[in-house]
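The values are calculated or read from the model by the stated rules, or taken from the named source; none is laboratory data. As the structure is a prediction and not an experimental result, all values here were calculated from the model. Here Cβ is always computed from backbone atoms with ideal geometry, including for glycine, and neighbour counts include all displayed protein chains. Ligands, DNA and RNA are stripped out before the accessible areas are found, and what is left, the full protein with its side chains, is counted by its heavy atoms. Shrake-Rupley method; radii C 1.70, N 1.55, O 1.52, S 1.80 Å.
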Amino acid sequence: MSGTIEARLAELGLALPPSAPSRALFLPGKITGNLLFLSGQICEWEGVPQFFGPVGDDFDMETGREAARMCALNLLFSARAVAGSLDRVAQVVRLGGFVAAPPTFGNGPAVVDGASQLFIDLWGEAGRHARTAVNVASLPAHALVEVEAVLELRG
């Protein structure tokens, strides 16, 4: 069932993926109290990785942000699957972002901004969140980016 958040997503010219399969033995998300903890999602579409790391000399920041936004779309798919509707989200509490990059790459947070911006675009001030963004040596499937989230749910 689509609601106001999914309508806003469509206004932005975006859509949720048809699926967001897991690569290992973990849940896509788990609710405890009024918090939904979402497992990390990489930049893949229907289980097929789309952006690969690590960051190289010819890295394009906009491509990195697009990869992080794809992670966020996968997180939204999982949130809807676990919570029943994206309209149950009261606010985005926290994001954790991981960028496959060498130690000399200092712009990991700017890459993860691609995910952060999507949540702000969808929820406005309620989409602003605490965040960690770090560089790592590698990610599953040689992905460029992985993002996890904690969301607060209504009722």
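Observations
- Karplus-based coupling profile of the range 76-93, in residue order and whole Hz: 5, 4, 5, 4, 5, 5, 7, 8, x, 6, 5, 6, 6, 6, 7, 6, 8, 8, with θ = phi - 60° in 6.51 cos²θ - 1.76 cosθ + 1.60 and x standing for Gly or Pro.
- Gyration tensor verdict on the range 75-118 (Cα atoms; rounded if a/c is under 1.5, prolate if a/b is larger than b/c, oblate otherwise): prolate
- Accessible carbon and sulfur surface of the chain relative to its total accessible area, %, 1.4 Å: 54
- Computed lengthening from Thr63 to Ile31, 0.36 nm per intervening residue step minus Cα-Cα distance: 8.3 nm
- Simple point charges give the picture: +1 on the Cβ of Lys and Arg, -1 on the Cβ of Asp and Glu, and for the chain a dipole about the Cα centre of about 620 debye.
- In the range 1-94 the Cα-Cα distances spread across 5 Å bins starting at 0 as 2, 12, 22, 23, 19, 12, 6, 2, 1 percent of all pairs.
- Cα lying deepest toward the dipole's positive end in the chain, options Ala115, Gly3, Ile42, charges on Cβ: Gly3
- Cα convex hull volume per residue for the range 29-155 (Å³): 91
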